[in-house]
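The values are calculated or read from the model by the stated rules, or taken from the named source; none is laboratory data. For clarity, every value in this text was computed on a predicted model and none was experimentally measured. With ideal geometry, Cβ positions are generated from the backbone for all residues, glycine too; neighbour counts draw on all protein chains shown.
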Amino acid sequence: GGGEQPALLVKLIRAYAACGDLCRARLLFDSVPGPLKNTVFFNVMIRSYVSHRRPRDALRLLSSMSPGPDHYTYPCALKACSDAADLPAGRQLHAAVARLGLDANLFVANALITMYARCGRSDRAFQVFAEMPRRDVVSWNAIIAGFARERRFDRSIAACREMAALRGPAPDAGTLASVLPAMADAAPADIGLARHLFDEMPAKGPIAWNAMIAIYSNNSMAKEAVGLFARMEAAGPEPDALTLASVLPACGQLSAFGLGKRIHEIIKRKGMRPNMVLENALMDMYANCGCLADARDVFDGMRVRDVVSWTSIISAYGTHGRGKEAIALFEKMRESGVEPDSIAFVSLLAACSHAGLLEEGRRYFRSMTNKYRIVPRIEHYACMVDLLGRAGCIEEAYAFITKMPIRPNDRVWGALLGACRVHSNMEIGLLAADELFRLVPEQSGYYVLLSNIYARAGRWEEVTSVRSVMADKGIKKVPGCSNVELGSKVHTFHVGDQSHPQSKMIYRKLDVLLGRMKELGYVAATESALHDVEEEDKESHLTVHSEKLAIAFVLINTGRETPVRITMNLRICGDCHHFAKLVSTIAEREIIIKDTNRFHHIENGVCSCRDYW
């Protein structure tokens, strides 16, 4: 009976496969008499195996296929080779399609590109791509993804740029998703290209929105990521778990606690937990907004935790200066059976450094190699130099660097120079500065650190000399800026900013605060200012640092119960740190400042950093 209705049998095989019952689908396939079992039956069964991630079964069936494969079979069979990472089988299929003249077929050629790319042969994939008589958007996406997969990011972005320039197939969501890995640390022009591709898409689904938000977020363009998310909420598709996981890091970068909290409510309302990627992002957001208790609540509520989850919470406690709790969490991770990796040790050593736990840091650095057989990377050495420097062991830190088995980079020497500034060690500071100016001659921050070392020693001629070198080389100090969230908007302040609508009120508030502070004995730490101006001008310059403007703005617009949360793009200067401590007492406010190095939780005139940062 079945032999009389092959079309019905094909539909039944498809139906069983669609329901996930491949056993019944295969039994039905095997029951078809030989003379009736044509190419269509084989194609349906091979496709079913491939779509259910059983590539080996698909390839075994292909080898017994009679009659032979056709132009519908080969794309599926090549996908099976891709999924199984079976390059030899893929090459055999390539030879077969070439003999049949099917390598010019668009769908077959696209499958060949994907197969070679996913088997680590992007050069061969590009050869197929270059020889295609016609390409569609799938062809371009496949080669863009292939280069990105092999971390040949320049080639991936170049292919993307060529696609846009040729004005051929219109880019789609897959184009952005394909180039996304290449955009982790992209040049502004490349991010602009991605945005151009996004804007040119006539219809934008969740994949396109998610990819563009992720590109902004991964490149520390937090305001752009948050702005695009707002557009998506207003006019785009419904945000999904990937959207929220992409925008949460941007909330953390801006300390946009209000938006982050609202996203958490969306997650609860939609029942998106458990979802480890989303939960890890949520935990990081709270930690980066200075809300350690909320981050811990998310962590404690996770059903399953991986090493990323543990590392995130260890890092959170570390950057907030709570090193002993970070160590306790590390030990708890080990007890739970999760093996620490290289990144977990970076977070642990940084936690020891921020909390001044010298002996603990030394012990864990030794155990990393002796017990866990993890080869220290440059990040681990930088943490150890920072740890030793924080403890005042400048000579030991320098000796540690000279004995490193790998070449120290600017992070290592920068940690030493920072320690020399704090402990006023001119001799070793100059050695560190020489290395830094050789490694990163255009990095302004290290010139400023050296200038501060000279200033603390009262060596004003050398201060002027450093500034002259910077001027001659065209090196400009990175302008400071501070972000604060108020309501649903993030406000940005720059040094000497007078562009804000409340600018007059902000400066009046600053004058009032400075007046109160001077009554308490405050004197501006003028060595934190530029050193080529008179003392009175230096003091005036310090009053308009971006973090002071941001603090005044929050005090004007919120009540006493609201903590002041500020995110900076630079390390906070000594004068602004002292200013924030005094304001916390005068205004009876908790002030949470995130600079590029750590968090400063300031209450009643006391900072969690213990005045070392």
* Structure fact -> Going through (1) farther than 30 Å from ILE602 by Cα; (2) part of a helix (DSSP H, G or I) one by one, ARG273 fails only at (2)
* Breaking point among (1) over 30 Å from ALA173 (Cβ atoms); (2) in a helix (DSSP H, G or I), for ILE266 -> (1)
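Listed here are the residues, each with its yes/no results for (1) in the same structural domain as ARG390 (by TED's automatic domain parsing); (2) out of contact with any Leu (no Cβ under 9 Å at 6 or more places or on another chain); (3) modelled with pLDDT of 95 or more.
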| site | (1), (2), (3) |
| --- | --- |
| PRO405 | yes, yes, yes |
| SER444 | yes, yes, no |
| ASN452 | yes, yes, no |
| GLY458 | yes, yes, no |
| GLU461 | yes, yes, no |
| ALA471 | yes, yes, no |
| LEU486 | no, yes, no |
| VAL495 | no, no, no |
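Conditions tested, residue by residue: (1) among the polar types (S, T, N, Q); (2) outside any helix (DSSP H, G or I); (3) touching a helix residue (DSSP H, G or I) at 6+ places or on another chain (Cβ under 6 Å).
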residue: ALA17; (1), (2), (3): no, no, yes
residue: CYS23; (1), (2), (3): no, no, no
residue: LEU27; (1), (2), (3): no, no, no
residue: ASP30; (1), (2), (3): no, no, no
residue: LEU59; (1), (2), (3): no, no, yes
residue: LEU62; (1), (2), (3): no, no, yes
residue: PRO67; (1), (2), (3): no, yes, yes
* **Residues located in the range 1-26, provided they are aliphatic (A, V, I, L, M) and closer than 20 Å to ARG53 by Cβ** => ILE13, ALA15, ALA17, ALA18, LEU22, ALA25
* Only one of these conditions is not met by SER48: (1) among the polar types (S, T, N, Q); (2) modelled with pLDDT under 95; (3) under 15 Å from LYS79 (Cβ atoms). Which number is it? -> (2)
* **Output for the range 425-445, where each listed residue is among the hydrophobic types (A, V, I, L, M, F, W, C) and either assigned to a helix (DSSP H, G or I) or surrounded by 21 or more Cβ atoms within 10 Å (Cβ to Cβ) (or both)** => MET426, ILE428, LEU430, LEU431, ALA432, ALA433, LEU436, PHE437, LEU439
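Of a type in the set (Lys, Arg) and touching a residue at least 24 places away in the same chain (Cβ under 8 Å): does that describe LYS268?
So LYS268 fails the test.
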* Structure fact -> The one condition LEU61 fails out of (1) modelled with pLDDT of 95 or more; (2) farther than 19 Å from GLY90 by Cβ; (3) buried (at least 19 other Cβ atoms within 10 Å of the Cβ) is (2)
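One line per residue, one yes/no per condition, for (1) outside any loop (DSSP other than H, G, I, E, B); (2) in contact with a Phe, Trp or Tyr (Cβ under 6 Å, 6 or more places away or on another chain); (3) buried (at least 19 other Cβ atoms within 10 Å of the Cβ):
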{"site": "PRO35", "(1), (2), (3)": "yes, no, no"}
{"site": "PHE42", "(1), (2), (3)": "yes, no, yes"}
{"site": "ILE46", "(1), (2), (3)": "yes, no, yes"}
{"site": "LEU78", "(1), (2), (3)": "yes, no, yes"}
{"site": "ALA96", "(1), (2), (3)": "yes, no, no"}
{"site": "ARG99", "(1), (2), (3)": "yes, no, no"}
{"site": "ILE113", "(1), (2), (3)": "yes, yes, yes"}
* Just give me the residues in the range 420-448 being over 18 Å from ALA391 (Cβ atoms) and among the β-branched types (Val, Ile, Thr), in sequence order. => VAL440, VAL448
* Taking GLY361 as meeting all but one of (1) buried (at least 23 other Cβ atoms within 10 Å of the Cβ); (2) more than 24 Å from LEU439 (Cβ to Cβ); (3) within 23 Å of the chain's Cα centre (by Cα), write down the number of the exception. => (3)
* To do: Working carefully through the options VAL448, VAL422, VAL412, VAL466, find the one that is surrounded by 16 or more Cβ atoms within 10 Å (Cβ to Cβ) and in contact (Cβ under 8 Å) with a residue 60 or more places away in the chain.
  => VAL422
